[in-house]
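The values are calculated or read from the model by the stated rules, or taken from the named source; none is laboratory data. This one's a predicted model, so the numbers in the text were calculated from it and none came from an experiment. Here Cβ is always computed from backbone atoms with ideal geometry, including for glycine, and neighbour counts include all displayed protein chains. Note: accessible area is taken over every heavy atom of the protein model, side chains too, but ligands, DNA and RNA are not part of it. Shrake-Rupley method; radii C 1.70, N 1.55, O 1.52, S 1.80 Å.
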Amino acid sequence: MLDEAGAGLDELAAVAPGAGLRWADGDGDGARSCRRTWLDTFDWRLYRAGLTLEQVTGDGAAGLTLTGRDGEELAAEQISPAGQSPRWPAKLDGLPAGPLRELLEPVVGVRALSPVARVTSRLTQRRALNSDAKIVARLGIERMSVTSPARAVAPPRLTLAAVRGYQAEADRLGAALTALSGVTPANGTALDAALAASGQRPGRTPGKASAVPLARDAPAATAMASIFAALFDVIEVNVGGAVRDIDSEFLHDLRVAVRWTRSGLKLGAIPGDLAVRFAPEFRWLGDLTTPARDLDVYLLGLPAMTASLEAGCAADLEPFRGHLERSRATAHRALTRGLRSARFGRLASGWRAELAAVRPQRKGGTVAQLADDRIGAANSRVLKAGRRITPSSPPERLHELRKRCKELRYLVEMFGSLHDPAVRWQAERELKSLQDCLGEFQDAQVQREEIGVFAAQMLAERSAPAPTLLAMGEIAACLARRQRQARSQFDARFAGFAGAPSQARLAALASAASA
Amino acid sequence: MKILATYNIKGGVGKTAAAVNLGYLAAADGYRVLLWDLDPQGAASYLFRIKPRVKGGGKAIIRGSKAIDGAIKGTDYDNLDLLPADFTYRNLDLLLGEAKRPTRRLATLLGPLKSEYDVVFLDCPPSISLLSESVLHAADLLLVPLIPTTLSVRTLDQLTDFVTGFNGHRPQVLAFFSMMDRRKRLHLQVASDLPAARSDVAVSAIPALSVIEQMSVQRAPIGAFAPRSVGARCYRELWLEARRRAALKPPA
Ligand SMILES: Nc1ncnc2c1ncn2[C@@H]1O[C@H](COP(=O)(O)OP(=O)(O)O)[C@@H](O)[C@H]1O
Ligand SMILES: [Mg+2]
């Protein structure tokens with residue numbers, strides 16, 4: 001049982017006699033202090049999965065514990081001596097291999113874990129005795145001083161634990177405790193309490209581009225301005241992590257928000273020359289991020305590629321990995337320069353100021369009308385581009401179709417709050433199935449072309465031993481196979497998308513104004 | 001899980017004092033320990049301030065492990081639980097007699113506790129009975145307190161002969177001198193000669209000490225109220241010897 005106490009702690013003394021018990025003198029095993037640090041990904045993946053990861057440091061030892069929704073311990077890892085604790089933020093490969101890491105992997109993925117709250121905690125204990133002076137229950141009192149995200153003192157947290165075989169006595173004590181004013185059952189974990197004390201709530205980060213709430217009859221111009229503003233929040237919130245290179249998702253999420261913005265600019269709903277002025281700037285921003293992201297994708301896919309080697313072995317690819325990592329470091333430096341440049345600063349301040357000044361346009365229509373019109377048109381363009389594709393079409397036709405699909409997808413997601421979630425979810429799934437096929441096709445082709453470029457670079461640098469080049473050749477062959485496979489799936493995927501049920505759903509999405 | 005039993009057909013020789021103090025020390029080592037007070041007198045229960053009462057009495061206990069689970073009480077010490085005595089344990093012999101395979105009954109009852117405890121101490125009442133036979137069959141190590149006289153050695157030999165006759169599982173025997181009076185020449189002599197001559201007699205001995213008598217006033221193991229006393233040190237040495245003899249793996 002868990003309680004939080006406000007003012008009631010002074011009245012504790014009277015509680016035990018009320019339950020037919022008395023408190024032992026002193027605080028038993030003595031007071032202890034420890035530091036507690038809670039960790040999560042930037043987008044709160046653990047929290048949203050009902051998991052809590054905590055590092056406790058005290059008495060020269062440190063440990064990591066993962067708990068589930070009901071506070072049950074799922075895995076623990078001792079990090080001793082305390083000096084060996086990972087330097088946060090850290091990705092999972094910075095954690096010792098073991099059950100804890102295995103449980104985290106599917107949830108955390110490629111993201112890094114960072115501290116979301118830190119406290120110094122002082123624990124004292126009171127022991128409740130029966131008439132034989134036997135301990136029947138222990139009351140733990142934890143006082144947390146929050147040091148991050150903001151300095152604060154959390155209300156004391158009480159934990160009542162019955163000694164085995166004395167549940168009835170502990171229940172009486174618990175009832176007497178909750179009868180105290182200021183003591184209420186805790187409705188959350190210690191992390192919740194620490195965050196609440198510093199005025200925050202877990203799980204809230206505008207870290208990813210997503211639908212913003214829109215009223216159907218809102219003027220299109222101001223609705224678009226609010227979408228753009230939310231997207232720019234996402235861009236800005238990810239800049240820090242992308243520059244510090246905490247994990248690859250910061251850059252990815254930043255890019256997605258840029259792409260949504262660029263598609264949004266093409267909708268022609270915001271006034272005057274805004275789109276004309278800012279389209280080149282967002283294009284620049286998008287291009288700035290491309291080299292680093294491409295290399296991220298390569299590096300993330302490398303383990304799978306390595307595993308697929310048949311003639312070569314993992315060690316053969318080490319020089320290639322080294323080359324990729326060096327190239328990535330260079331690309332990342334260029335990215336950092338760009339994100340810290342005056343041009344980016346001007347883009348940010350100028351864009352924000354212009355968005356704030358956007359007013360409804362005369363004859364601009366509602367956002368629902370805009371969404372209907374543009375979704376309908378984007379869908380037609382996808383159908384047109386797709387129907388042109390025959391078995392003998394060059395790859396460029398499929399790349400073209402992929403772009404059209406992306407445009408449609410962004411619109412469906414961007415205006416998501418206007419639509420029935422079930423219909424939208426189904427439509428997105430069908431579109432995604434087609435996109436996955438086209439993505440696989442194009443990515444495999446691009447990566448195959450790139451690996452040729454990498455090989456030439458490595459030869460020029462004399463950093464390419466023969467076994468490495470051979471293994472790279474194997475990867476190129478594997479990519480070619482993947483591309484062929486994706487191509488062979490295309491007809492069925494497109495037919496699914498262009499079929500009546502899927503098109504009926506898109507038609508529904510394109511009629512929000514009349515819904 | 002290892003089962004250690006303090007055993008002697010005589011009363012007042014230090015069985016309970018040993019079970020309580022060694023149980024405390026085992027738990028302090030980090031082992032998960034259960035002490036079962038099998039003596040209807042309930043001396044061990046008293047020392048832990050736990051009422052000698054079990055729901056359903058000995059009958060329920062002998063019948064099944066569910067009653068055992070419900071009757072276990074936590075002591076004031078980490079890792080140390082107690083299965084209390086009950087007045088009805090007087091009839092434990094009769095109850096065992098009605099059970100199937102009475103001499104194996106205790107071992108069967110303790111089986112399900114394997115996952116919960118690393119060490120079980122059985123504190124036996126003084127007697128030769130079906131119960132004590134069942135204890136002998138269940139135990140991995142018998143801790144036999146001896147008052148250092150030549151006579152006590154005879155009882156040890158009888159016990160050793162008896163368990164050697166067991167088929168299958170046989171407990172090891174580790175006798176130790178208890179309530180040794182350093183002022184008595186006979187005590188000193190027996191206590192120094194015997195461990196050298198016999199491997200089933202512990203090197204460590206427990207002298208007669210007032211601090212040990214104090215336990216029943218303090219109602220606590222010595223380690224809890226006089227951790228630096230001679231008595232506490234002697235029990236610690238005895239525990240180290242018993243732990244080695246029982247081949248206990250280091251606690252998890
Ligand atoms: N080494 C010792 N020195 C002094 N008194 C002891 C010692 N061991 C036991 N006693 C006391 O002798 C009495 C009987 O001991 P106990 O352990 O209950 O024996 P048993 O369990 O064999 O009947 C108790 O009052 C106990 O305090
Ligand atoms: Mg006794």
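Does residue B:198 satisfy the criteria of being touching a strand residue (DSSP E or B) at 6+ places or on another chain (Cβ under 9 Å), more than 15 Å from ligand 1 (Cβ to nearest atom) and free of Cβ contacts under 8 Å to residues at least 60 places away in the same chain?
Judged against the criteria, residue B:198 is a match.
Quickly run through the range B:121-130 and pick out the residues that are open to solvent by 10 Å² or more (accessible area, probe 1.4 Å) and either within 11 Å of ligand 2 (Cβ to nearest atom) or within 16 Å of residue B:95 (Cβ to Cβ) (or both).
B:125, B:126, B:127, B:129, B:130
What is the one condition in (1) within 16 Å of ligand 2 (Cβ to nearest atom); (2) within 14 Å of chain A (Cβ to nearest Cβ) that residue B:117 does not satisfy?
So residue B:117 meets the others, but not (1).
Report yes if residue A:258 is within 28 Å of residue A:93 (Cβ to Cβ), in contact (Cβ under 8 Å) with a residue 12 or more places away in the chain and part of a helix (DSSP H, G or I), otherwise no.
Spelling it out, it is not the case that residue A:258 is within 28 Å of residue A:93 (Cβ to Cβ), in contact (Cβ under 8 Å) with a residue 12 or more places away in the chain and part of a helix (DSSP H, G or I).
So residue B:71 clears everything in (1) within 14 Å of another protein chain (Cβ to nearest Cβ); (2) over 28 Å from residue A:168 (Cα atoms); (3) not β-branched (Val, Ile, Thr) except one condition, right? Which one?
(2)
Here are B:143, B:82, B:174: which of them is within 16 Å of ligand 1 (Cβ to nearest atom), within 19 Å of residue B:31 (Cα to Cα), at pLDDT 95 or above and away from chain A (no Cβ under 14 Å)?
B:143
Does residue B:88 qualify as being open to solvent by 30 Å² or more (accessible area, probe 1.4 Å), more than 22 Å from residue B:142 (Cβ to Cβ) and either assigned to a helix (DSSP H, G or I) or away from chain A (no Cβ under 14 Å) (or both)?
Yes.
Report yes if some residue within the range B:1-14 is in contact (Cβ under 8 Å) with a residue 24 or more places away in the chain, within 13 Å of another protein chain (Cβ to nearest Cβ) and open to solvent by 10 Å² or more (accessible area, probe 1.4 Å); otherwise report no.
no
Looking only at helices (runs of 4 or more DSSP H) that fall completely inside the range B:177-252, which ones have 2 or more residues that are within 14 Å of chain A (Cβ to nearest Cβ) and open to solvent by 10 Å² or more (accessible area, probe 1.4 Å)?
Answer list for the range B:177-252: B:215-218, B:222-225.
Considering only the range B:32-78, state which residues are within 16 Å of ligand 1 (Cβ to nearest atom), hydroxyl-bearing (Ser, Thr, Tyr) and either open to solvent by less than 10 Å² (accessible area, probe 1.4 Å) or assigned to a strand (DSSP E or B) (or both).
B:45
In this structure, does residue A:99 turn out to be open to solvent by 50 Å² or more (accessible area, probe 1.4 Å), away from chain B (no Cβ under 14 Å) and out of contact with any Ser or Thr (no Cβ under 6 Å at 6 or more places or on another chain)?
yes
For (1) out of contact with any strand residue (DSSP E or B) (no Cβ under 9 Å at 6 or more places or on another chain); (2) of a type outside the set (Ser, Thr, Tyr); (3) within 16 Å of ligand 2 (Cβ to nearest atom), each residue gets a yes or a no:
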site: B:14; (1), (2), (3): no, yes, yes
site: B:35; (1), (2), (3): no, yes, yes
site: B:41; (1), (2), (3): yes, yes, yes
site: B:60; (1), (2), (3): yes, yes, no
site: B:66; (1), (2), (3): yes, yes, no
site: B:72; (1), (2), (3): no, yes, no
site: B:75; (1), (2), (3): no, no, no
site: B:81; (1), (2), (3): no, yes, no
site: B:85; (1), (2), (3): no, yes, yes
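Considering each of A:433, A:488 in turn, give the residue that is open to solvent by 50 Å² or more (accessible area, probe 1.4 Å), of a type in the set (Ser, Thr, Tyr) and part of a helix (DSSP H, G or I).
One residue alone meets the criteria, A:488.
Looking at A:388, A:359, A:381 in this structure, which one is charged (D, E, K, R) and modelled with pLDDT under 95?
It is A:359.
Just one of A:155, A:106 is of a type outside the set (Gly, Ala, Ser) and out of contact with any strand residue (DSSP E or B) (no Cβ under 8 Å at 6 or more places or on another chain); which is it?
Within the list A:155, A:106, the selection yields A:106.
For residue A:167, which of the numbered conditions (1) within 30 Å of residue A:134 (Cβ to Cβ); (2) surrounded by fewer than 21 Cβ atoms within 10 Å (Cβ to Cβ); (3) more than 14 Å from chain B (Cβ to nearest Cβ) fails to hold?
So residue A:167 meets the others, but not (3).
Test residue A:207 against the criterion of being crowded, with 17+ Cβ neighbours inside 10 Å, more than 14 Å from chain B (Cβ to nearest Cβ) and within 30 Å of residue A:258 (Cα to Cα), and give yes or no.
The answer is yes for residue A:207.
What number goes with the only condition from (1) touching a Ser or Thr at 6+ places or on another chain (Cβ under 8 Å); (2) more than 14 Å from chain A (Cβ to nearest Cβ); (3) open to solvent by 40 Å² or more (accessible area, probe 1.4 Å) that residue B:103 does not pass?
(3) is the only condition that residue B:103 fails.
Name the residue that is most open to solvent (accessible area, probe 1.4 Å), counting only residues in the range A:210-223 that are under 18 Å from residue A:511 (Cβ atoms) and in a loop (DSSP other than H, G, I, E, B).
Among those that are under 18 Å from residue A:511 (Cβ atoms) and in a loop (DSSP other than H, G, I, E, B), it is A:217.
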